[in-house]
Structures are given as C-alpha cells and as structure tokens.
Amino acid sequence: MRRRDFLKQSALTTAGTMLIPHFLKAYELNQLGVAPTTGKTLVIVQLSGGNDGLNTVVPFRNDIYYRERPTLAIARDKVLALNDEIGFNPALEPLKALYDDGLVTVINNVGYPNPDRSHFRSMDIWQTASDSDKYLTTGWVGRYLDANCAGADPCQPHRAIEVDDTLSLVLKGTSVNGLAMLNPQKLYNQTRGGLVEGLAKVSQADEHGNVAYLYKTLAETVSSAAYVYDQSARSASPVNATGGTYPANELGNRLKTVAELIQSGVSTRVYYVSISGFDTHINQPGQQERLLRQYAEAVKAFTGDMKATNRQNDVLLMTFSEFGRRVKQNASNGTDHGTANNVLLIGGGLKGATPGRVFNEAPNLTNLDEGDLKYTVDFRNIYATLLRNWLKTDDVAILGRKFEPLGLV
Amino acid sequence: MRSISKQQQIQHLYWRAGFGATAALIRRESHQPLKKLVRDLLRNDAPFTPLTVVDPARVINRKGLKGMFREGMLDRDALKQRIRENTGHIRDLNVLWVEKMGSGEGVLREKMALFWHGHFACRVLNPGGVQQYLNTIRQHALGKFSDLLMAVSKEPAMLQFLNNQQNRKDAPNENFAREVMELFTLGRTDGSAGNYTETDVKDAARAFTGWGFNLEGEFVFRQNQHDDGPKTIFGQTGDFAGEDVIRLLLAQKQTARFITGKLYRFLVAEQATDEPTKARISTLADRFYHSGYDIADLLETMLTADWFYDPAHVGNRIKSPVELLAGMQRALGLAFEQKQSLILIQRTLGQVLLYPPNVAGWPGGRNWIDSSSLLFRMRLPDVLLQAGQVAIQPKDDGDVNTEMLARRGKGVLNVTVGWAAFEEAFASVRGDQLPDELAAFLLQQPLGSQQRAEVVKRVNPDSARSEQIRTLTATLMALPEYQLC
C-alpha cells in the first residue's frame, strides 16, 4: 500500500470507530453538578534525605542517647515532652499544640526487614512498598489508583495529585498514573491553546499500540487539568478561600495548594508532597531545625485550614522519611544513614483521645543492629491501615499480601 | 496491515541499533541493502576508545576524603568542595557519553553500552570507579558476553555497589551472589520453577568471598578472606572460587535465554510472550549459547532478520529520555552551551545516566510516560529549537552528595542547531511537500491527517523556506509520534 493511500484509509477507519474515553464521560458528569466526594483524603508528606528521627522525637530520658550524641543531643529541658520518655524537638512547637489537641499520633521504630541505607533504594522501597530484595515498577499509591479504576469507575489521574513538577514512582500505577502539578493554573496553562490542546482532541482508533497509549495519556492529562482548574477556579470565593497563614517556603506553598484543592471539592483522594534537605552528614542542628520548623508551621496552618472548613475529620496527613540516622553522631557534627524511624499521623480522624498518642514503645538504644535501630513496625502495616480503614479499599490487592492493619484510625 | 517504505526500514535500523541518523545519511544510504548497512554498523564499531574525564589514580573517594578531614588535612569547606568535584566528574562523564551517543560515531557500541548499563546497573559516587565501569561495558559491549560478565563482576564499582567488599569468610554478604543470578544471568524464575535455589545463592556468596578492590581502584583477591571449603552450586560440588561461579552460570543455557529475551525486548519489541516470539527467542538463544556468547553475532542475526522489520514493530518503541535526547542531537547536530542542560533534561524525564534507580535498572517502556513527562517531552523541541522558556524544577533526590546535579541553568536551554546541514538535505523538496517529507524522516509512525493539519497551521506560509522548515521540524518533534521509534 502506498503511504498516501494508507493515510486516507486509516483516517476513515479512525473516524468510524471513534472512541470517547470513559474519563470524558465522567468529566461531563461532574460538570452536571454531581456532588463532590465526601470520602476521606490522605495527604503524604515525604521528608527526603533521611530525617534524623532521634532528634525529631527525642528519647530525653535515655542516657545512651546523650552519651552517643555529645554535641547533637537535644537538652532535656528543651524537649517538648509527649510522655515521660519521649518528646518533640523544640523546632516542632507548632506540632506540639496539635498533639495537645489530640490530633497527632507518633509511631516509633518503623522500618522493614534487611534495611537498605542508600537513599534511592530505600526511598524506592518506601514508595513501591516492596521487600528490600524485590524491585517493583509501580508505587503503592499508583496501585491504589489501579485498584480503583477498574470496571465502571473511570481512571482519572487527578484522583492522586503530587504537588510538584515531576511525578514520583509512588504515584505510578500499571494502568493509570497520578497527576503532578505545582498548581492548577500552571498545569492548565501548559495544556491550553497550543499543540497540546489540539492534539488531545485527535481521535484515536481503539488500539493497544504505544501511539494510542500516548494519545490517551495526553487526553487524560488535558481533561484532568481542565477539571482541577475549573473546580479550583469555581471555588475561589472568599468563603472557600483558605484562611491559614502558611510559611513562605516551598513546603508551605505546596501544602497551601493541597488545602485549596481539598476545599475546591475535587475528587482527589491522595495528595503527595515532598521536602528535601534532611541528609545531614555535616553540621546537622541548624539545618534540621530549620526544616523541622518549616514543616511544623506548614502543617499547623494546613490543619487549621481543615478545621476552619470542617474537613478536619476527613483529612489525614502522614509524614515519613526513607530512613532514620545512626544513633551515634559522626565526626562532622552530623549523623550518617541509619534504619528505623518514626512516622507521624496528623488529623482529626485518629483513634485515641486528648492529648495525642504515642502508639508504641520508644526506640530501644541497647538492642541495636550494628549501631542502628531495629524496626518493630513494618511501614506496610501502616499503609495497610490507611488503605483499608481510611481509604476503604482492598489493601491486600494493592500491597500484594496481607499486612495486619494497626489500630490507628 | 500497514506497510513501510525502504526509508522507514533504514531509519528503523538506525533508531534501534543507534540513536537515529542524519537526514543526509538517510538520503545517501537509501539504496543500500539492509544487510550491508548492518555489517557496516558492526564493522564501524570495531575500534574502542575509552571516555576519560579524570585520572583514576588522582581521585580520592568520599571515604578517603572524610579520613583526611578527620586527620585535619582538609577543613570542612575543602571537604565539601572535594566531594562536589567528584560529583562534577561523574556529571562530565555523563555528558561526554550522551554527546558521544549523539555524535553518530560507533553508534551500535554506544547503544549496546546503554543496554548493558541498564542490565548491569551500578551507581556509586567515586568518579574513578564509575569511569572504569563505564569503559568496561563500552569495551565489551559487542564482544563476548562471557568476557563482559567476568569483567563487570570484577569492577570495583560493582563490587562496592553490591557489597562484595564486605563479603568475607566469617561474615558472608549475599548481595552480589544473588543479583548476579537474579538480574545478570538467570533471572528469578523461568515460568513456574525458580532458576536457582537459596542454597545456590548462599554457596555462590561463599565462592565470591575475598573478591574486593584496593584504594587504587584495582580488583584484588583476598585469599585470607576467602572461604575455600566445598560448595554445592546447581548440583555440582567443588572448592569453587568466584570465577567458577561465573563459569557455572555461563554453562546454564538459561543465561543465554535470559539475555537474548531481554535484548529482544530492547531491540525489537517489548511484547515477547506470544508463542511464535518465544520460539524465535529460543532459536536465537541456542545460537548465542553455541557461539560462546558472541554478542556481535547475535546482533547481526537479529538486525538482518525479516521479522526485525515487521511493520508492527516499527515506531512502537517509546524512546527512553536519553534516546530522545541523543536522537535530537544526532538529527539536528545540537550543541548545548551549558552541560548542565543535558542533566536537567535527563532528571526531568527520569533517566540520569550513571545514576540508575537501582540494580534492576530503568524499567523502561510505558514507565517513561506520565502526564508531566509527556508534556515536557512535547515542550522540549520548542525550548531547544525556538528558544522557548522552561520553568521546571526536577525533584531533589535527597542525597546531599548529588545536590549539584539538581542545579538549574538560567531557565533557557541555550543550544546551537546545525540548521544549515539539515536544510541542505531537504533542498530538493518542493515547498508543499515539506511537511510530509520532514515527517517521513522524523517520525516512524504515519502522520495522521488531523495531526498534519495541527502541524501545518503553525507554519506561516509567507515566511522564508528556512523558517518553515524550522517550525515544521520543531512541531513534528513535539508530536507524541516523535516519542516513538
């Protein structure tokens, strides 16, 4: 067949079997005024670089801690005690107020078997929820999207949004990926007016080839960008506008964007935000405290926003880092890569009363694995809890096997 | 079924066995038999020259630098500076390699080195080790897989990455032994049955005890750390050393099957699970095994086979970020003013050479594509060819030692484009045929009528011919079809 003949013929075929993707139908349904989701929302804050957990939640009665960290340990009288064993770094003062209001749960000693001390590998493990000797190409939130887009429920990238320019592995699924955007306006502008918008309307024959896959991704992107932008533009009235004062830094801006998206009523169930700089091999104190303060101020403003708009009990924020750091400080007034670490859960939907809750025992500094903390809670038990009890979905399908949920929410 | 032209076939060969070709080359070679072009590709690749950015003897690794800091030979700022310099060397090596790929010289060697880099994925911070590792995979890229496997297994970078430096008689570390089986030779399972047992891994780890490297970056065998007792691997028992494990692995036909299957998915088609394809791979694997793992022979067989040019395969492979980048460099003779630009693009699109995500390499295929990476790919030609603005910040990976890779340029990626040579190749094409002739060169998929209309309406018909060619080229390269080869 000659090229031109082929082009003519394929154009005819395409027109005959024009496919209207499911998500376009869904988008129209939303436009018809279907009520926004009333379900629960999960916000994940990733601290990249390996946050030093022992100087975040400080074991202030532990002599080993003070012995191993002669210049780094937080003085006993500075620690914001949570119970008679552990307390927050003073830079987390805004978080302490939330704890006193019963909005924070601290989970100690979270990790996984055979821990890896490389940033990339350990972050991979946390993002894919794999065993440390397996390599997965999808993330656990991506698989959450996969599990919730089968059948009648259409695949919509914006069901999970990463507030960033690029998409992390954690939001990549097999049949659907999450959406990365710094804010709705920026993404919308990228999809408007030019070639992108024109091509998104190009109809594709229902093919399984990669060219069809690219056009499908493009159409979904343009559709999701328009949906999120429309929702957020519609709600940008003084009544809905977020009232909190966020710190003027990257994390503050990004959590503010999350708060605005939540209040706009978009059907997003998972938000992902990361903040970097926790790799404190050298001169740790100033650096870590600056970051922890940014984090705590941003989270306090975010939580205040959720409370002011009655979303406090529907929004849960989880914070983790790819590993903790060694118990013993190094020779450069810093700490090197370690293993188990704490995870924080913040929100009104947590189990337990006022004040907040320390879920489990403090780190055991006498029983170490080559100088590192041993984990007692597998992070996938936390994921299972959030998937099953918070997002009400099939945790076993997403995590690949059963991890017993913990009594957290 | 779709049929493809001779030109498309030649371009298919150059894309899969390299990083595309220049329009001039395609015009020149368009009457050559494919078999001759394949032989030329293999022959032109014969000479090997190492890529060098640093004298390994002069590099002091991070551990050494920290030691100097502790002994007071370096102050804190000097330590930071030296670590930054080491990262800078790796960045320079990355850029040198990408530019080599885009240069059109020895393309098959560089393409195969890229394949082996994903296969023997390795990520360390010592530039001397990285450089030596890269040159080892480049040197053996077209030789014998048996030599490649042995050489990579003895590379200090690999021994460090997979913890064999810590693999000692009294405290075996199984990391290398496990990955050499699971990822480098046998694969985890062959259908339902496992290809090796936990005992095989345990005893192979014992055989590799004592394999390490010295401060000069040379492989050393430490007899006193080696477990010389009997081991049982794949049912054979003996006082095996590391070399014996490599030999036993190569004796397993499954190694030939695993490597051939992976190479088929890289060069021909990702989908390789149907029965005819499985039979085809099995025949290829037999040949590979009996040739003593001759990579060049396997390549020649694959690249000259009729099925290699099956229209179903043509234009159905998603270019990896580096393939996309090197392909644009090759087609248009791009020269980047700031080397950092090449890193920025790799980071944003998710493939930074010499920094694979883990020992399993880049997953590839559709994993390259998500909303943001697709939008950036479609934006890139405008940014590079028409000085469009880019406002994107790739994510920080958290490691303080790679911070400098995250540094941004000034927002504009300054590039020199070899337009004159490019336009010259289309000098005889009539104005109204330019869209289709350019598309036939740039795309391995047909240009649909709606896409054609979208492209053509961006051209000002009153503008100069040269301007029209530039706009058409930048727009065609922004199409989803250009992401495929």
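Side notes on the structure shown:
- The number of residues in the stretch B:37-62 being under 25 Å from the mean Cα position of the chain (by Cα) and part of a helix (DSSP H, G or I) comes to 9.
- Some residue of the stretch B:72-84 being farther than 30 Å from B:E216 by Cβ, in a loop (DSSP other than H, G, I, E, B) and at pLDDT below 95: no
- Among the criteria (1) in contact with a Leu (Cβ under 8 Å, 6 or more places away or on another chain); (2) facing another protein chain (nearest Cβ under 7 Å); (3) surrounded by fewer than 23 Cβ atoms within 10 Å (Cβ to Cβ); (4) of a type outside the set (D, E), the one B:S371 does not fulfil is (3).
- Boolean, A:R290 is within 30 Å of B:K66 (Cα to Cα), more than 14 Å from chain B (Cβ to nearest Cβ), in contact (Cβ under 8 Å) with a residue 24 or more places away in the chain and of a type outside the set (V, I, T): yes
- Breaking point among (1) under 19 Å from the mean Cα position of the chain (by Cα); (2) farther than 22 Å from A:N381 by Cα, for A:T335: (1)
- Reported count of residues in the stretch A:113-150, each being touching a helix residue (DSSP H, G or I) at 6+ places or on another chain (Cβ under 6 Å), hydroxyl-bearing (S, T, Y) and over 24 Å from B:L125 (Cβ atoms), is 2.
Residues are listed down the side, and each one gets a yes or a no for (1) in contact with an Asp or Glu (Cβ under 9 Å, 6 or more places away or on another chain); (2) closer than 26 Å to A:D336 by Cα; (3) β-branched (V, I, T); (4) crowded, with 16+ Cβ neighbours inside 10 Å:
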site	(1), (2), (3), (4)
A:N83	no, no, no, no
A:G87	no, yes, no, yes
A:A91	yes, yes, no, yes
A:K96	no, no, no, yes
A:Y99	no, no, no, yes
A:T105	no, no, yes, yes
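- Any chance A:A200 is of a type in the set (G, A, S) and modelled with pLDDT under 90: no
- The stretch A:114-139: number of residues that are in contact with a Pro (Cβ under 9 Å, 6 or more places away or on another chain), among the small types (G, A, S) and surrounded by 18 or more Cβ atoms within 10 Å (Cβ to Cβ): 1
- Residue tally, condition farther than 16 Å from B:L332 by Cβ and in contact with a Leu (Cβ under 8 Å, 6 or more places away or on another chain), over the stretch B:94-106: 5
- Any helices (runs of 4 or more DSSP H) falling wholly within the stretch B:101-197 and containing at least 2 residues that are touching a residue at least 60 places away in the same chain (Cβ under 8 Å), among the acidic types (D, E) and surrounded by 22 or more Cβ atoms within 10 Å (Cβ to Cβ): none
- The number of residues in the stretch A:159-209 that are surrounded by fewer than 24 Cβ atoms within 10 Å (Cβ to Cβ), among the polar types (S, T, N, Q), within 19 Å of A:R143 (Cα to Cα) and touching a residue at least 24 places away in the same chain (Cβ under 8 Å) comes to 3.
- Of residues in the stretch B:198-218 being in contact with a Phe, Trp or Tyr (Cβ under 9 Å, 6 or more places away or on another chain) and closer than 12 Å to B:E174 by Cβ, the one surrounded by the most Cβ atoms within 10 Å (Cβ to Cβ): B:F208
- All positions within the stretch B:35-67 that are surrounded by 12 or more Cβ atoms within 10 Å (Cβ to Cβ), at pLDDT below 90 and under 30 Å from B:T301 (Cα atoms): B:N44, B:D45
- Of all residues in the stretch A:280-309 being more than 13 Å from A:A259 (Cβ to Cβ) and outside any helix (DSSP H, G or I), the one that is modelled with the highest pLDDT: A:T280
- Some residue of the stretch A:152-159 being in contact with a Lys or Arg (Cβ under 9 Å, 6 or more places away or on another chain), over 21 Å from B:Q445 (Cβ atoms) and not β-branched (V, I, T): yes
- Helices (runs of 4 or more DSSP H) wholly inside the stretch A:125-224 containing at least 2 residues that are farther than 24 Å from B:L479 by Cβ, facing chain B (nearest Cβ under 10 Å) and hydroxyl-bearing (S, T, Y): none
- For the stretch A:382-409, residues that are buried (at least 17 other Cβ atoms within 10 Å of the Cβ), not basic (K, R) and not in a loop (DSSP other than H, G, I, E, B) total 11.
The values are calculated or read from the model by the stated rules, or taken from the named source; none is laboratory data. Just so it is clear, the model here is predicted, and its values are computed rather than measured. Note: ideal-geometry Cβ built from the backbone for every residue, glycine included; neighbour counts use all protein chains shown.
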